[in-house]
């Protein structure tokens with residue numbers, strides 16, 4: 001498989017103007033403005049192969065969206081080399097634009113006052129999709145997303161979930177080979193989130209489309225992406241398979257114990273760090289290397305009814321990575 | 001070009017969803033004609049000739065203003081582009097194989113068609129109500145040149161207003177200020193309220209070096225025969241020069257705007 005996206009040492013700095021608080025600050029900023037460089041993306045490199053489904057995760061302002069914007073040609077980079085399908089995105093060549101789509105969960109492209117079907121027809125013309133292909137694609141998407149009955153309803157009358165489905169159809173009507181999804185499930189209820197995920201997975205499988213997805217919801221990433229890229233402060237902290245995160249960053253394991261008889265919390269402190277204690281249940285964090293030893297000690301010295309050794313939750317690991325603290 | 005035809009059709013449909021808005025906008029235009037009509041009417045109740053115009057010539061001017069402004073200054077792009085740049089909706093267009101400026105130009109022309117249809121209806125009603133005496137002193141040649149001037153006027157108006165709204169690339173929090181100033185200047189200096197040759201000679205001479213008279217005054221002056229076809233042809237050429245300058249400036253500003261665009265708002 002060949003790589004369809006190649007990013008090399010990408011940097012994007014913004015000039016940001018700083019304003020002192022208050023009215024005097026406002027007046028001062030009329031005459032002299034202090035600028036500083038905000039490093040939204042600071043030397044990022046990665047390659048993505050055709051058909052991959054990659055998750056970008058990171059806290060707010062980490063540089064995920066900025067990276068997507070550079071990849072889709074909205075922003076000119078400050079430094080670095082980017083190639084998507086062999087094109088330089090910010091040249092905005094029509095042949096390139098016909099092969100990808102960018103969906104932002106918080107932006108809509110549909111005409112607000114008209115039924116969604118009108119926007120689909122417009123996109124068909126903009127992307128110059130032949131009639132037969134348009135009909136086939138639309139039928140498939142409408143069936144997959146179950147929206148046949150609301151195609152002719154004014155967009156403003158649709159619920160958020162319904163609208164998001166329509167946004168997806170509008171973005172996919174030209175059968176893009178690459179899909180950039182920025183927070184596609186934001187604001188949706190859990191049922192809709194699940195449906196959206198199933199759809200993205202199915203789309204990726206059926207058309208071997210390459211998908212890059214950013215999300216705040218770990219569930220999106222866990223369920224969809226084999227590979228994830230963790231970004232923070234404009235730099236890549238991790239790029240690899242989901243389960244490797246655990247190997248790489250999890251220094252501890254969690255022992256969940258249920259006691260048969262009363263136990264003092266203070267007695268447990270010798271075993272490891274107590275994360276939770278609510279009789280009869282306790283969760284204790286111990287170093288990976290000593291996990292089995294600690295378990296043995298618990299079984300020997302305490303009235304244990306049940307014992308579980310677990311990996312920490314992936315969310316917790318990632319949170320710890322971001323806050324830069326050791327997992328304890 | 002089929003994509004722009006589709007945009008044209010959709011935009012036309014879309015205008016109908018804002019019925020009240022549209023009706024109020026038309027009402028404003030009719031009101032302006034009525035105001036200027038009664039103003040000139042009272043001036044001409046004292047004089048046979050004022051500012052070199054006879055009553056009939058002036059009435060013809062006032063009535064044509066209604067049609068020409070409907071055509072030249074109907075431009076939904078003015079209300080939308082600044083906001084779309086400032087809040088990042090521009091991104092929706094930039095990732096697609098479509099030209100943003102042509103997209104909005106198409107939507108403007110769709111709106112112009114609708115407004116023009118209404119303006120013809122309004123002018124017929126006003127004509128039967130007010131029964132003004134009009135003199136339109138023009139040859140077929142001046143009508144043709146006048147129409148060409150109108151098309152050029154609409155394009156110059158588009159370009160000048162785009163220069164004003166594109167300021168949003170650099171000052172996103174102030175998308176309306178410049179536009180508003182322009183609209184005020186436009187009302188007075190383009191000839192939408194009075195023909196510009198009623199101004200003192202120096203004033204109307206100076207105005208010739210701005211794009212304003214090319215947007216309303218000259219097209220009407222040629223059409224009603226105030227200026228000869230030969231003069232009209234010369235003005236058409238000058239108008240095309242302004243058009244060229246406008247296209248050049250808008251392109252330059254657009255390109256450098258995109259360099260600073262940060263696709264914000266998410």
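Rule-based calculations on the coordinates, nothing more; no lab input. Values in this document were obtained by computation on a predicted structure and should not be read as measured data. A quick note on method: Cβ atoms are made from the backbone with ideal geometry, for glycine too, and the neighbour counts reach across all protein chains shown.
General remarks:
- A helix-only calculation puts chain A at -10500 deg cm²/dmol for mean residue ellipticity at 222 nm, using -39500 (n - 2.57) for each DSSP H run of at least four residues, averaged over all residues.
- Span from the segment A:274-328 Cα centroid across to the segment B:40-106 one, whole angstrom: 72
- Each semi-axis of the equivalent ellipsoid for segment A:239-283 is √(5λ) with λ an eigenvalue of the Cα gyration tensor; in descending order they amount to 30, 11, 7 Å.
- Using all pairs of distinct alpha-carbon atoms, the Kirkwood hydrodynamic radius of segment B:2-260 works out to 19.4 angstrom.
- Taking all Cα pairs closer than 8 Å and separated by 6 or more residues, the relative contact order of segment B:168-266 comes to 27 percent.
- Between 0 and 90°, nearest 10: helix A:22-31 axis offset from chain A longest Cα axis: 50
- Look at where the Cα atoms of segment A:113-134 and of segment B:179-196 average out, and the two centres are 40 Å apart.
- Share of Cα-Cα pairs in the protein assembly as shown lying beyond 49 Å, as whole percent: 32
- Highest average packing first - B:44-51, A:204-211, Cβ atoms within 10 Å: A:204-211, B:44-51
- The relative contact order of segment B:149-212 comes to 22 percent, based on Cα pairs under 8 Å that sit 6 or more residues apart.
- Extension gain, residue A:81 back to residue A:299 (0.36 nm per residue minus Cα-Cα distance, nm): 72.8 nm
- 19 Å cut-off, amide nitrogen to a point 7 angstrom out along residue B:134 Cα→Cβ, residues in segment B:185-227: B:191-196, B:216-227
- Residue exposure sequence - B:111, A:289, A:83 - by fewest surrounding Cβ within 10 Å: A:289, A:83, B:111
- Listed peptides A:5-12, B:210-217, A:271-278 by packing density, highest first (mean Cβ within 10 Å): B:210-217, A:5-12, A:271-278
- Segment A:68-86 and segment A:189-265 have their alpha-carbon centroids 26 Å apart.
- Angle in degrees between helix A:190-207 and the longest Cα principal axis of chain A, rounded to the nearest 10: 60
- Test item: A:121-127 mean partner chain Cβ contacts at 10 Å: 6
- Counting only the Cα atoms, segment B:208-263 fills a convex hull of 84 Å³ per residue.
- Estimated distance in nm for a label pair at residue A:208 and residue B:25, the labels positioned 7 Å out from Cα along Cα-to-Cβ: 5.0
- In chain A, the DSSP beta bridges split such that about 70 percent are antiparallel, to the nearest 5.
- Relative contact order (%) - criterion: Cα under 8 Å, at least six apart; region: chain B: 27
- Relative to its Kirkwood radius, the Cα radius of gyration of segment A:191-259 gives an Rg/Rh of 1.07.
- Degrees between helix B:140-165 axis and first principal axis of chain B (Cα, 0 to 90, nearest 10): 40
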